[in-house]
Amino acid sequence: MIRKTRLYTPGPTPLLPAAQFAMAAADMHHRTPEFRALLLKVLAQLKVFVGTRNEVLLLASSGTGAMESAVTNLTSPGDPVLILSAGKFGERWEGIAKTYGCEADVVRAPYGETFDLDEVRAAIRPGHKVLYMQATDTSTTARHNVEGVAKLLKEASGETLLVVDGITGLGTTLFDVDGWGIDVLIGGSQKAVMIPPGLAYLSVSDRAWAAMETAKTPRFYFDLRKERKNQVKGESAYTLPVALVAGLGGALDYIASQGGGDLEKGRMALIDNAEVNAAATRAGLAALGFTLFAAKSPAAAATAVSVPEGMNSGEVIKALKARFGIVAANGQGEMMGKIFRVAHLGFFDYLDTVALLGAMEHIAKDTLGMPVRYGEAVAAAQQVYAEAMNAAQPALAAR
């Protein structure tokens with residue numbers, strides 16, 4: 001039997017063919033009218049994709065670079081900040097804040113769980129310069145209540161800035177950036193926008209721009225004011241990866257095509273796609289007898305699954321790749337060996353979900369020794385998909 005490699009990791013995710021073609025054709029210099037026109041087009045598209053009237057910037061970095069910029073540009077050494085931490089990426093906020101001398105208060109939740117809003121409310125104090133959080137923490141696949149946290153900040157003093165790592169949230173989760181008052185929302189290229197790693201993007205509110213004028217933390221490469229000054233003209237302070245910007249433009253054009261040429265509708269279709277595939281995957285794995293991790297607040301970006309007692313999740317990862325060419329992700333940090341993770345964000349469709357669950361039936365039976373009836377995981381997913389399509393028919397008819 002031949003094997004076709006299928007990438008189910010929550011970043012990097014499968015590449016969109018249209019984006020690959022755009023990258024291959026991107027033979028241009030970054031200081032030319034052609035690239036300026038491309039960059040201005042992509043920045044305008046990103047505002048629609050993020051769903052904001054705020055300015056959006058591109059950075060040549062992974063998403064962590066944008067996270068770092070959200071600390072260095074908004075704080076001064078010694079500033080009190082509040083961090084919501086429930087996984088490896090919440091811990092990353094802690095590490096960055098500590099590196100730059102912030103005094104961090106931390107609200108923690110166990111891996112796989114989300115935050116008690118009463119605990120968050122009790123932790124907020126007027127002196128906090130910024131609250132940092134994830135929309136979804138890919139290490140646990142838990143989704144966090146950004147809207148609820150934003151509301152608490154407004155009720156408290158309204159002065160604390162809200163910074164959200166939406167790297168796997170964008171394209172899988174609904175955000176009302178301006179309505180909720182998200183001051184910085186961060187995304188990454190290797191996630192729902194279906195291109196390789198190397199670009200980060202972030203929306204920045206007027207309140208955040210104002211805070212940068214008094215922030216005293218040193219910054220050079222990640223000076224957002226410098227990038228803003230250049231990018232409004234279609235330039236960049238430093239060299240952007242031309243091919244990735246072209247690929248991003250191709251990806252955003254493709255997303256718009258899924259909404260009949262309307263990028264906002266295409267963004268909603270992308271989110272709906274992730275939500276349905278995530279729900280179908282959870283149903284299929286539960287039907288096989290797996291225990292879902294983060295079951296109380298599951299993300300649409302990815303699903304984490306606990307393996308039976310005495311089994312290492314690395315064995316599942318190895319078996320999926322060896323038998324079916326499926327590349328999934330192990331747990332991170334303290335969850336290494338305890339869970340495996342599969343993604344739904346970006347260029348995944350329903351038939352990818354069916355393929356994964358069909359493979360998991362074999363792995364559950366042959367590798368894990370679980371009592372499996374072939375077809376039960378796929379049937380559970382089909383039921384979820386059918387119900388979602390039936391519910392969507394009135395909305396589709398109204399378009």
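Quick note: the coordinates plus some simple rules give every number you see, no bench work behind them. Since we're looking at a predicted model, the values are computed, not measured. A quick note on method: Cβ atoms are made from the backbone with ideal geometry, for glycine too, and the neighbour counts reach across all protein chains shown.
Things to note:
- The chain, dipole about Cα centre (Lys/Arg Cβ +1, Asp/Glu Cβ -1), debye to the nearest 20: 740 debye
- Looking at the chain alone, DSSP beta bridges between its own residues are antiparallel in about 55 percent of cases.
- Note that the chain carries a Kirkwood radius of 21.7 Å, evaluated over its alpha carbons pair by pair.
- Taking every C-alpha pair closer than 8 Å and separated by at least 6 residues, the mean separation divided by the residue count of the chain gives a relative contact order of 23 percent.
- Most positive-pole-ward Cα, 139, 51, 24, against dipole of region 17-257 from beta carbon charges: 24
- Binned Cα-Cα distances of region 1-137, short to long, each 5 Å bin given as a whole percent: 2, 8, 12, 15, 15, 14, 12, 10, 7, 4, 1, 0, 0
- Given charges at Cβ of Lys, Arg, Asp, Glu: region 198-286 dipole, positive-most of 208, 232, 283: 208
- Kirkwood hydrodynamic radius (C-alpha pairs) into Stokes-Einstein, region 243-322, 25 °C and 0.890 mPa s, D in µm²/s: 162 µm²/s
- For q = 0.11, 0.19, 0.22 Å⁻¹, Debye-computed log10 I/I(0) when each Cα of region 97-219 counts as one equal scatterer: -0.39, -1.20, -1.50
- Overall form of region 311-399 per C-alpha gyration tensor (a/c, 1.5; a/b vs b/c): prolate
- Short to long, the 10 Å bins of the Cα pair-distance histogram for region 341-386 hold 26, 51, 22, 1 percent of all pairs.
- Within the shell defined by Cβ-Cβ distances under 14 Å, the residues around residue 56 carry a net charge of 0, with Lys and Arg each +1 and Asp and Glu each -1.
- Most fluctuating residue given options 267, 323, 341, as computed from a GNM of the chain linking Cα atoms under 10 Å: 323
- log₁₀ of I(q)/I(0) at q = 0.15, 0.21 Å⁻¹ - region 182-341, Debye sum with one point per alpha carbon: -1.04, -1.32
- Distance between region 334-381 and region 71-131 - C-alpha centres, whole angstrom: 35 Å
- Cross-link pairs 88/318; 129/265; 47/296; 338/365; 265/296 - those with Cα-Cα distance over 27 Å: 129/265; 47/296; 265/296
- Between region 188-205 and region 23-61, the C-alpha centres lie 11 angstrom from each other.
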